[in-house]
Amino acid sequence: MYLKRRQQLFKLARTCLSKLIDLLLCLEAEVRELRRQVKELKARLALNSRNSSKPPSSDGLAKPTPKSLRQKSGRRPGGQPGHAGRTLQPVAQPDHVRVQVLDCCPCGLCRSRCLRQEPVLGHEKRQVFELPQKPLEVTEYQAQIKRCPVSGRLVRAPFPKGVSAPAQYGPRFKAQMVYFNDEHFIPYQRLTRICQDLYGQPLSEATIVAANQRAYEHLASFEQRLEELLPQAPLNHCDESGLRVNKSLYWLHVVSNPWLTFYGVHPKRGAEAMNALGILPRCKNWLMHDHWKPYFTYQSCLHALCNQHHLRELKFLYEEHQEAWAQQMSRFLLDCLQRRKSQGVLDPRQFKKVRTQYRAILKQARRRHPRREGNDAQSKAANLLDRLEDFDLNVLAFTVFEEVPFTNNGAERDIRMEKTRQKISGCFRTLHGARVFARIRSYISTCRKQGRNILDELENAIQAKPFMPALPCRGP
């Protein structure tokens, strides 16, 4: 009886111990998972505009301490030697000339002797730039009415082209309203107040809408010209950003370079939208982007990756996770950039040496983050390592090719204005309104890059004579 009781107790103890071990293993696994989640959440909280692709607006009131990724140049602040400067210069033909008559001598030795009869020996000139008292001029066209001596009918002289109403605004005034609305994002209601305050005339919102629509229609040929020229450019920057249209998410796509800018609005973000816009499928040269996978569907062109994105991700890894290799890689890329600025692009022998140094840093990092097979989740460091290894030539393209820049900042600068517009004026009410804005912004940005006067070219667009851009001639 005693032995049987002992065996039962032993069996119960073994069962309890087994359950306790299982419980401890479950708790250990749960603690491990919780630690992983806490680490991931801390990493998300540490993300900001300095160490990730998040925009500065997402930083909120708790702005991070500014730490630029740029290295010190050693130059003094302010304009550098050879800088053209923007000092106000006098003009050769002023609009008005007012002569200050010298009647009495101010020398103080002749008791203010009268100088009216003395000859004028010269003039000292000073010019004042000022707005006119009446900035809005009104021109009245009076068409003569006569009676035909043969038919006896009353006939009238024709009015100039475009003069079709008893009272209307001219093309330059309409161009200025389009400029304020689409270049500086001033909403319709505020524009009506500006017109009243500056010009003393009421302005309806419908007038601004009609001016935008008129420019949009007359810029159709300009947009076709962009679609012809962009695929021929030696390099194009690409980017996309969300756009709110009638409470729905659309996407604003940009394809740009130092001479041209194209904006397109589409409900999709990926290859479907890019194919519909029709520019990227015809590109044969370099595309600079941020490694978003749909861009790699275009195999007929060369791809370069934005190293500013890499620098931000590397900064996050060595600041938040103390990854020493990330700091080494960041310093290596910046040194390559500085070398290109001072010595130009590399020859094949120099590039081979640089690529060897690049791979050595990645090899060192792989010891800590080995590549995983299958669909197993990886850390941010391992994902970045995969990209830097698999696309090393795309990352280092800027060291070899003169036309490839270090970053995709060209597209990011062009796309940033859309975020500014949404902050000031809010979302678009209709898809057509978004497309009107995109086409006019394409025109404004291209004119600015080509050194054209924006107001003059908008006036030409209003009058159906838009500026047609061109790419600069390439050397032999």
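What ranking do 9-20, 229-240, 384-395 get when scored by the average of other Cβ atoms within 10 Å per residue, highest first?
Ranking, from highest mean packing down: 229-240, 384-395, 9-20.
Using alpha carbon coordinates only, what is the Rg to Rh ratio of segment 325-387, with Rh defined as the Kirkwood radius?
1.08
Quick one: of the DSSP bridges fully inside the chain, what percent are antiparallel, nearest 5?
70 percent
In what order do PHE316, PHE180 fall by count of nearby beta-carbon atoms within 10 Å, going from fewest to most?
PHE180, PHE316
Report the full-extension gain for the segment GLN232 to GLU389: residue separation times 0.36 nm, less the Cα-Cα distance, to one decimal in nm.
53.5 nm
So what is the relative contact order for the chain, in percent, with contacts set as C-alpha pairs under 8 Å and at least six apart?
About 19 percent, as a whole number.
Using helices alone, what [θ] at 222 nm do you get for the chain, with -39,500 (n - 2.57) per DSSP H run of 4 or more residues, divided over all residues and rounded to the nearest 500?
Computed ellipticity for the chain at 222 nm equals -15000 deg cm²/dmol.
Given the peptides 156-165, 203-212, arrange them by the average over their residues of other C-beta atoms within 10 Å, most packed first.
Top of the packing list down: 203-212, 156-165.
Between ALA220 and SER425, what length comes free when the chain is fully extended (0.36 nm per residue of separation minus the Cα-Cα distance, one decimal in nm)?
71.3 nm
Report, for segment 153-290, the % of DSSP beta bridges that are antiparallel, rounded to 5.
85 percent
Give me, ordered by chain and number, the residues 5 or more places off LYS268 or on other chains with an amide H under 5 Å from its own placed amide H.
Under 5 Å from the amide H of LYS268: TRP251.
Taking a ≥ b ≥ c as the square roots of the Cα gyration tensor eigenvalues, with a/c under 1.5 meaning rounded and otherwise prolate when a/b beats b/c, else oblate, which class fits segment 165-297?
Judged from the Cα gyration tensor, segment 165-297 comes out prolate (a/c at least 1.5, a/b above b/c).
With only alpha-carbon pairs counted, each pair once and no self-pairs, how large is the Kirkwood hydrodynamic radius of segment 349-476 in angstroms?
After inverting the pairwise mean of 1/r, the radius is 19.6 Å.
Tell me the label-point distance for the pair ARG372, GLU118, using the 7 Å Cα-to-Cβ offset, in nm and rounded to one decimal.
9.4 nm
With just the Cα atoms defining each centre, how far is segment 235-283 from segment 14-33? Give it in Å.
What the calculation gives is 53 Å, centre to centre.
Given a cut-off of 22 Å, what percent of all Cα-Cα pairs of segment 88-164 lie beyond it?
So the pairs more than 22 Å apart make up 64 percent of the total in segment 88-164.
Ranking TYR318, TYR199 by Cβ neighbours within 10 Å, fewest first, what do you get?
TYR199, TYR318
List TYR443, TYR169 from most exposed to least, where exposure is judged by having the fewest other Cβ atoms within 10 Å.
Going from least to most buried by this count: TYR169, TYR443.
Within segment 129-149, list the residues whose amide N lies under 18 Å from a label point set 7 Å along Cα→Cβ of VAL97.
129
Using a simple spin-label model with points 7 Å from Cα along the Cα→Cβ vector, what separation in nm is obtained for ILE21 and CYS473?
Spacing of the two 7 Å Cα→Cβ label points: 8.5 nm.
Based on the alpha-carbon gyration tensor of segment 169-243 and its eigenvalue square roots a ≥ b ≥ c, which shape applies: rounded if a/c is under 1.5, prolate if not and a/b is larger than b/c, or oblate?
Prolate, since a/c reaches 1.5 and a/b exceeds b/c.
Net charge within 14 Å of VAL155 by Cβ-Cβ distance, Lys/Arg positive one each and Asp/Glu negative one each, not counting VAL155 itself?
That works out to +4.
Report, in listed order, any pair from LYS268/LYS363; LYS39/LYS341; LYS39/LYS315; LYS268/LYS419; LYS161/LYS423 with a Cα-Cα distance greater than 28 Å.
LYS268/LYS363; LYS39/LYS341; LYS161/LYS423
Between (1) 19, 31, 22, 15, 8, 4, 1, 0; (2) 16, 38, 26, 13, 5, 1, 1, 0; (3) 20, 40, 30, 9, 0, which entry matches P(r) over Cα pairs in 20 Å bins from 0, in percent as derived from the coordinates of this structure?
(2)
In square nanometres, what is one fourth of the surface area of the convex hull spanned by the alpha carbons of segment 123-205?
That works out to 10.5 nm².
From Cα pairs below 8 angstrom and at least 6 apart in sequence, can you work out the relative contact order of segment 237-333, rounded to a whole percent?
17 percent
Go through 242-254, 457-469 and give me the packing order, highest mean Cβ count within 10 Å leading.
Per-residue Cβ counts within 10 Å, averaged per peptide and sorted highest first, yield 457-469, 242-254.
Would you work out the relative contact order for segment 280-369, in percent, from Cα pairs under 8 angstrom that are 6 or more residues apart?
19 percent
Distance from the Cα centre of segment 313-378 to that of segment 409-456, in angstrom?
The two parts, judged by their Cα centres, are 36 Å apart.
Can you tell me which aspartates and glutamates have their Cα less than 19 Å from the Cα of LYS449? Leave out same-chain residues fewer than eight positions away.
Reachable aspartates and glutamates: ASP182, GLU183, GLU223, GLU227, GLU228, ASP239, GLU403, GLU412, ASP414, GLU418, GLU457, GLU459.
Each reported figure results from applying straightforward, stated rules to the coordinates on display, with no laboratory input. In this text the structure is predicted, and so the values were computed from the model without any measurement. When we count neighbours, we look across all protein chains shown, and the Cβ atoms used for this are built from the backbone with ideal geometry, even at glycine.
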